[in-house]
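**Student:** Got a structure here, written out as structure tokens. Questions coming.
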Amino acid sequence: MDIKFSSLGFIISLFFIVTFLAPQVKSRAFFVFGDSLVDNGNNDYLVTTARADNYPYGIDYPTRRPTGRFSNGLNIPDIISEAIGMPSTLPYLSPQLTGENLLVGANFASAGIGILNDTGIQFINIIRIFKQFEYFEQYQQRVSALIGPEATQQLVNQALVLITLGGNDFVNNYYLIPFSARSRQFALPDYVVYLISEYAKILRRLYELGARRVLVTGTGAMGCAPAELAQHSRNGECYGALQTAAALFNPRLVDLIASVNAEIGQDVFVAANSYQMNMDYLSNPEQFGFVTSKVACCGQGPYNGIGLCTPVSNLCPNRDLYAFWDAFHPTEKANRIIVNQILTGSAKYMHPMNLSTAMLLDSSRI
């Protein structure tokens with residue numbers, strides 16, 4: 001795929017979304033649950049080490065300041081909001097999330113969390129997934145006081161929802177240290193089965209809370225993150241154990257989504273193949289305009305993959321040339337490539353439909 005063609009394709013697809021679809025879903029709220037890939041700043045309000053509240057985080061954000069997003073600029077929820085013509089959702093813990101801002105939706109995500117409650121325990125004070133759901137219930141009560149219970153139920157039922165979980169259950173749990181508690185308890189295939197059984201409870205609870213159109217992202221190419229290369233790679237090859245984990249987990253997640261949709265009797269949950277979306281540009285960075293898919297823009301040590309991104313880290317001058325912003329997280333440009341596939345991708349990336357198709361279906365019902 002030629003980079004000029006891919007850029008043109010993105011522009012055309014974005015034009016299609018903004019000019020044709022966005023007006024039809026103008027009043028649609030957007031709710032976000034999950035981990036650091038989608039956290040818009042909730043952890044800035046917590047006493048935790050899992051924070052992105054210092055320079056150079058946010059260096060390419062419109063305010064040029066850190067916002068709590070683990071990105072140089074916009075993250076995946078921001079770009080989805082942009083594509084459907086809505087302002088970005090505010091973190092649920094933000095004092096600004098009041099009045100009319102509540103009707104846009106809310107971001108409940110918290111860096112460091114996973115499917116399991118013991119994932120990310122080293123970060124101490126983070127908002128685990130069922131606590132995020134408690135906040136979602138609280139949110140609905142607040143909106144109900146504003147617009148009434150019936151209108152609130154309609155707002156929630158018609159909303160778009162994004163949930164991103166799973167990566168930390170491997171990186172910050174099973175493979176965090178040699179002979180971790182979970183790795184002693186489970187062989188990897190059995191751990192994956194356990195994770196999927198726990199994720200099933202999460203998805204069913206989300207449906208009970210009123211979600212009727214939910215994007216569920218699988219784990220990305222975890223073994224290719226600069227942090228993993230720095231620890232495990234000799235020649236820049238991705239860490240095989242984490243790539244194997246992704247290969248076991250993601251197909252089972254797709255099966256789970258199909259099963260839960262069958263139980264419900266409609267395609268509420270939509271699977272996004274984040275792994276393939278990642279591997280496209282990680283395997284062929286030059287085709288997407290990147291000079292590297294191995295070295296992080298911000299960091300230190302091999303591949304800039306050691307430690308956190310801080311004011312004293314190495315910092316690349318042009319973030320658009322790098323696939324990774326820090327040791328684990330994509331740059332805004334990489335996030336845009338991912339969202340483009342969420343919006344318009346084929347069955348290779350999105351199942352049972354992409355977001356554009358889902359929004360067209362939904363707009364006919366609203």
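The values are calculated or read from the model by the stated rules, or taken from the named source; none is laboratory data. Please read all numbers here as calculations on a predicted model, not as lab measurements. When we count neighbours, we look across all protein chains shown, and the Cβ atoms used for this are built from the backbone with ideal geometry, even at glycine. Note: areas computed on protein heavy atoms with side chains; ligands, DNA, RNA excluded. Shrake-Rupley method; radii C 1.70, N 1.55, O 1.52, S 1.80 Å.
**Student:** Out of (1) of a type in the set (S, T, Y); (2) open to solvent by less than 30 Å² (accessible area, probe 1.4 Å); (3) farther than 29 Å from R213 by Cβ, what's the single condition that is false for T164?
**Tutor:** Tallying (1) of a type in the set (S, T, Y); (2) open to solvent by less than 30 Å² (accessible area, probe 1.4 Å); (3) farther than 29 Å from R213 by Cβ, T164 fails exactly one: (3).
**Student:** Pick from the stretch 40-68 the residues that are aromatic (F, W, Y) and assigned to a loop (DSSP other than H, G, I, E, B): which of them is least open to solvent (accessible area, probe 1.4 Å)? Give the derivation first.
**Tutor:** Taking the stretch 40-68 as the starting set, the residues that turn out to be aromatic (F, W, Y) are 45, 55, 57, 61.
From what is left, the residues that are assigned to a loop (DSSP other than H, G, I, E, B) are 55, 57, 61.
Working: Y55: 113, Y57: 10, Y61: 39 Å².
The qualifying residue least open to solvent (accessible area, probe 1.4 Å) is Y57.
**Student:** Please count how many residues of the stretch 242-279 are open to solvent by 30 Å² or more (accessible area, probe 1.4 Å) and in a helix (DSSP H, G or I). Can you show your working first?
**Tutor:** Taking the stretch 242-279 and keeping what is open to solvent by 30 Å² or more (accessible area, probe 1.4 Å), we get 244, 247-248, 251-252, 254-255, 258-259, 262-267, 273, 275-276, 279.
Narrowing the set further to residues that are in a helix (DSSP H, G or I) leaves 244, 247-248, 251-252, 254-255, 258-259, 262-264, 275-276, 279.
Residues meeting the conditions: 15.
**Student:** Please determine whether any residue of the stretch 311-321 is part of a strand (DSSP E or B), hydrophobic (A, V, I, L, M, F, W, C) and under 18 Å from the mean Cα position of the chain (by Cα). It would help to see each step written out before you state the result.
**Tutor:** Of all residues in the stretch 311-321, those part of a strand (DSSP E or B) come to 314-315.
Among the residues that remain, those that are also hydrophobic (A, V, I, L, M, F, W, C) are: 315.
Remaining after also requiring under 18 Å from the mean Cα position of the chain (by Cα): none.
Looking through the stretch 311-321, none of the residues is part of a strand (DSSP E or B), hydrophobic (A, V, I, L, M, F, W, C) and under 18 Å from the mean Cα position of the chain (by Cα).
**Student:** Also: S356 is checked against (1) part of a helix (DSSP H, G or I); (2) within 17 Å of the chain's Cα centre (by Cα) and fails just one. What number does that condition carry?
**Tutor:** (2)
**Student:** Between a residue in the stretch 144-161 that is within 23 Å of L360 (Cβ to Cβ) and any residue that is open to solvent by 50 Å² or more (accessible area, probe 1.4 Å) and among the basic types (K, R), which pairs come within a Cβ distance under 7 Å, given they are 6 or more apart or on different chains?
**Tutor:** Cβ pairs passing all conditions: N157/R212.
**Student:** How about the stretch 167-185: which of its residues are touching a residue at least 12 places away in the same chain (Cβ under 8 Å) and either buried (at least 21 other Cβ atoms within 10 Å of the Cβ) or not charged (D, E, K, R) (or both)? Walk me through how you get there before you give the answer.
**Tutor:** Just the residues of the stretch 167-185 that are touching a residue at least 12 places away in the same chain (Cβ under 8 Å), to begin with: 167-176, 181-182.
Passing the criteria: G167, N168, D169, F170, V171, N172, N173, Y174, Y175, L176, A181.
**Student:** Go through the stretch 150-201 residue by residue and tally those that are part of a strand (DSSP E or B) and farther than 20 Å from G112 by Cα. Before you say what the answer is, go through the steps one by one.
**Tutor:** Start the filter on the stretch 150-201 by keeping residues that are part of a strand (DSSP E or B), which leaves 160-164.
Next, only the ones that are farther than 20 Å from G112 by Cα stay: 160.
Qualifying residue count for the region: 1.
**Student:** Let me ask something else about it. Has the stretch 301-319 got at least one residue that is in contact with a helix residue (DSSP H, G or I) (Cβ under 6 Å, 6 or more places away or on another chain), within 14 Å of M222 (Cα to Cα) and open to solvent by 70 Å² or more (accessible area, probe 1.4 Å)?
**Tutor:** Checked the stretch 301-319: no residue is in contact with a helix residue (DSSP H, G or I) (Cβ under 6 Å, 6 or more places away or on another chain), within 14 Å of M222 (Cα to Cα) and open to solvent by 70 Å² or more (accessible area, probe 1.4 Å).
**Student:** Can you work out which of the residues in the stretch 134-143 that are touching a residue at least 60 places away in the same chain (Cβ under 8 Å) and surrounded by fewer than 20 Cβ atoms within 10 Å (Cβ to Cβ) is farthest from A200 (Cα to Cα)?
**Tutor:** The extreme case among them is Q140.
**Student:** For residues that are open to solvent by 10 Å² or more (accessible area, probe 1.4 Å), of a type in the set (A, V, I, L, M, F, W, C) and either within 18 Å of the chain's Cα centre (by Cα) or closer than 25 Å to N278 by Cβ (or both), tally how many sit in the stretch 201-232.
**Tutor:** Residues meeting the conditions: 2.
Each row is one residue, and each column tells you yes or no for (1) in a loop (DSSP other than H, G, I, E, B); (2) open to solvent by 10 Å² or more (accessible area, probe 1.4 Å).
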{"residue": "S71", "(1), (2)": "yes, no"}
{"residue": "M86", "(1), (2)": "yes, yes"}
{"residue": "T89", "(1), (2)": "yes, no"}
{"residue": "L93", "(1), (2)": "yes, yes"}
{"residue": "L97", "(1), (2)": "yes, no"}
{"residue": "E100", "(1), (2)": "no, yes"}
{"residue": "L103", "(1), (2)": "no, yes"}
{"residue": "I113", "(1), (2)": "yes, no"}
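**Student:** Do we find a residue being hydroxyl-bearing (S, T, Y), under 16 Å from the mean Cα position of the chain (by Cα), at pLDDT 95 or above and under 30 Å from P311 (Cα atoms) anywhere in the stretch 117-136? Walk me through it before giving the result.
**Tutor:** The first filter runs over the stretch 117-136 and keeps only residues hydroxyl-bearing (S, T, Y), leaving 119, 135.
Restricting the remaining residues to those that are under 16 Å from the mean Cα position of the chain (by Cα) gives none.
Taking every residue of the stretch 117-136 in turn, none turns out to be hydroxyl-bearing (S, T, Y), under 16 Å from the mean Cα position of the chain (by Cα), at pLDDT 95 or above and under 30 Å from P311 (Cα atoms).
**Student:** So, one more: Here is a list of conditions, (1) buried (at least 24 other Cβ atoms within 10 Å of the Cβ); (2) outside any helix (DSSP H, G or I), and S346 meets all of them except one; can you say which number that is?
**Tutor:** Just one mismatch for S346, condition (1).
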